[in-house]
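Peer 1: Supplied in structure tokens, the structure appears directly below.
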Amino acid sequence: MQITERLQALAGSPTTAVKQVADQLKRDGIKVYDFGVGEPDFGTPENIKDAAVGAMEQNKTKYTTARGIVELREAIAQRYNNKYGTAFGPEHVVVSGGAKQSLYNLMMTLVNPGDEVIIPSPYWVSYPALVQLAQGTSVFVETKAENDFKVTASEIEAAITPRTKVINLNSPNNPTGAVIEIEELKQITEMAVEKDIALIYDECYECFVFGKEHGNPIQWNQEKVVSVGSASKTYAMTGWRIGWMIGLKEVAAASDRFQSQAASNPNSIAQWAAVEALLGEQDAVDEMHAAYAKRRTMVLDLLNQVDGLTCPVPEGAFYVFPDVSNFFNEELCDSIAIAKYLLEEAHVAVVPGSGFGAEGYVRISYAASEQELTEGLTRMGEALKALK
Ligand SMILES: Cc1ncc(COP(=O)(O)O)c(C=O)c1O
């Protein structure tokens, strides 16, 4: 059988090489400090699990409408209306099997072959692949470490061409934790409106912002902005696969059409659980926020003790993205080599920056216990010092 050119050209996960070594170490019974995974270390809150059990007991286990049950779409619309003073209803929402599917739907909805999609880098690994699947072209805008990787309106403006169809923003950012400044966000929104460009805003980490205001361009414009959200990180529900898009009715309808043919509805039980997640008790979110905030300070302190390591201060998500290029030598000359070295020498798993479009960096997730972080990052620091 012949694999299509489309899929032959599609890269797999950039982290495979490191993951293979990590898996082998684990199989050999070696303790690995795994800071590679991009998901909460907390369990899904009990009230959400109970809602899922209730849904099963009531046989809410059948197909739903492709774009999701109206109760969930109403809860999502209400969330935005409460936060941003919008007037959305369920007709503006499509629920999907995670934000990743929402983003894929949107690329297929908004990008024609040859259209350009502006993506600030470092970027979440899947954006360029999703653009590629829609036969669009990714145009990367490099953000600066000295600006804590926060993209500015003028950087975006410089990348706009007559072919620009979409600006794809992510705040808080994976992998850098950068939170875009409100003033810049406002200016980018105005630019998108003026130049007739769609603005996709991925705010999967919206609830994990530290000591700073998180904005959403949808509060200023609902014609050009589509927002993408997820239950995965906010409610420690990565495996349940619930994400959504909210925006213009016509865009939602087209996304729904695509999803209905390609995938049908997201899991019915997970949808009922997500209704409880959005409308029920929010204490668990506050507790996770407090834990991440504490760990962020701890992790930055530990990393700052390592001579030669520089780490921009992340304002959101649960990642830090230090520059490890000072430790490069003839053999270890890129982020993949450093990540492999850290794994073999210190049994610490991190993700090489190259997959995020940022050679010279590694991503460390602090969605791990304080004890793991202290031990693992101390080991990592010692292994790096040995290279000096
Ligand atoms: C920036 C960003 N967007 C989207 C996603 C996808 O999340 P979901 O689990 O909802 O598909 C992730 C997951 O890591 C992410 O980091």
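Peer 1: Take the alpha-carbon centre of segment 33-109, take the same for segment 268-287, and report the distance between them in whole Å.
Peer 2: 9
Peer 1: Between N329 and Q187, what is the label-point separation in nm under the 7 Å Cα-to-beta-carbon projection?
Peer 2: 4.4
Peer 1: Could I ask something else about it? Excluding residues on the same chain fewer than 8 positions from K100, give the lysines whose Cα lies under 17 Å from its Cα.
Peer 2: Answer for K100, where 17 Å is the Cα cut-off: K233, listed by chain and number.
Peer 1: Summarise the accessible area of the chain (1.4 Å probe, protein heavy atoms) by the percent that is carbon and sulfur.
Peer 2: Numbers: 8010 of 16590 Å².
That fraction is 48 percent.
Peer 1: For segment 318-388, rounded, prolate or oblate, judged on the Cα gyration tensor with a ≥ b ≥ c (square roots of eigenvalues), a/c < 1.5 rounded, else prolate if a/b > b/c? Intermediate results must be reported in sequence, preceding the final value.
Peer 2: Numbers: a/c = 2.10, a/b = 1.25, b/c = 1.68.
Judged from the Cα gyration tensor, segment 318-388 comes out oblate (a/c at least 1.5, b/c at or above a/b).
Peer 1: Put a dot 7 Å past each Cα toward the Cβ at N59 and Q282; how far apart are the dots in nm?
Peer 2: That separation, rounded to one decimal, is 3.6 nm.
Peer 1: Now, a different point. At 0.36 nm per residue, and after removing the present C-alpha to C-alpha distance, how many nm does the segment from M298 to E91 gain when stretched out fully?
Peer 2: On the way: separation 207, 0.36 × 207 = 74.52 nm, distance 4.37 nm.
So the chain would gain 70.2 nm between M298 and E91.
Peer 1: Still on this structure, I have one more. Greater than 29 Å separation of Cα atoms is the criterion. Which listed pairs, K60/K165; K165/K340; K19/K385, meet it? Before the final figure, lay out each step's value.
Peer 2: Working: K60/K165 40 Å; K165/K340 38 Å; K19/K385 23 Å.
K60/K165; K165/K340, as the Cα separations exceed 29 Å there.
Peer 1: By its C-alpha gyration tensor, with a ≥ b ≥ c as the square roots of the eigenvalues, how is segment 17-146 shaped: rounded for a/c under 1.5, else prolate for a/b larger than b/c, else oblate? Present the calculation step by step, with values, prior to reporting the outcome.
Peer 2: On the way: a/c = 1.92, a/b = 1.10, b/c = 1.75.
Here segment 17-146 falls in the oblate category.
Peer 1: Highest mean first, how do 372-384, 67-79 rank when packing is the count of other Cβ atoms within 10 Å averaged over residues?
Peer 2: Working: 372-384: 19.4, 67-79: 21.0.
Result, highest mean first: 67-79, 372-384.
Peer 1: Now a separate question. Residue-wise, which Karplus ³J(HN,Hα) couplings in Hz belong to segment 46-59, taking 6.51 cos²θ - 1.76 cosθ + 1.60, θ = phi - 60°, and x for glycine or proline?
Peer 2: 4, 4, 6, 5, 4, 5, 5, 4, x, 4, 5, 4, 8, 6
Peer 1: May I ask you to give the solvent-accessible area per residue for segment 22-111, in square angstrom, as obtained with a 1.4 angstrom probe? Walk me through the numbers on the way to the answer.
Peer 2: Working: 4250 Å² over 90 residues.
The answer is 47 Å² per residue.
Peer 1: Using a 1.4 Å probe, what is the accessible area per residue for segment 212-339, in Å²? Intermediate values should be presented prior to the final figure.
Peer 2: Working: 5070 Å² over 128 residues.
On a per-residue basis, segment 212-339 sits at 40 Å².
Peer 1: Could you give the length gained on full extension between K144 and D307, defined as 0.36 nm per residue of separation minus the Cα-Cα distance, in nm?
Peer 2: Details: separation 163, 0.36 × 163 = 58.68 nm, distance 2.12 nm.
Roughly 56.6 nm would be gained on extension.
Peer 1: What list of ³J(HN,Hα) couplings, whole Hz, do you get for segment 155-172 from phi and the Karplus terms 6.51, -1.76, 1.60, once you set θ to phi - 60° and write x for glycine and proline?
Peer 2: Per residue, the Karplus-derived 3J(HN,Hα) values read 5, 5, 4, 5, 9, 6, 10, x, 8, 5, 10, 9, 10, 10, 10, 9, 8, x Hz.
Peer 1: Put +1 on the Cβ of each Lys and Arg and -1 on the Cβ of each Asp and Glu in the chain; which of Y341, V251, I76 then has its Cα farthest toward the positive end of the dipole?
Peer 2: V251
Peer 1: How far apart, in nanometres, would the label points at S154 and D23 be if each is projected 7 angstrom from Cα along the Cα-to-Cβ direction?
Peer 2: 4.7
Peer 1: If you don't mind, another one. Using Cα positions and a limit of under 17 Å, work out the lysines in reach of K249, with same-chain residues fewer than 8 apart set aside.
Peer 2: K224
The values are calculated or read from the model by the stated rules, or taken from the named source; none is laboratory data. Bear in mind that the values here come from a model prediction, so they are computed numbers and not experimental data. Quick reminder, even Gly has a Cβ in these numbers, built from the backbone with ideal geometry, and neighbours come from all protein chains shown. Heads up: the accessible areas ignore ligands, DNA and RNA and are worked out on the full protein's heavy atoms, side chains in. Shrake-Rupley method; radii C 1.70, N 1.55, O 1.52, S 1.80 Å.
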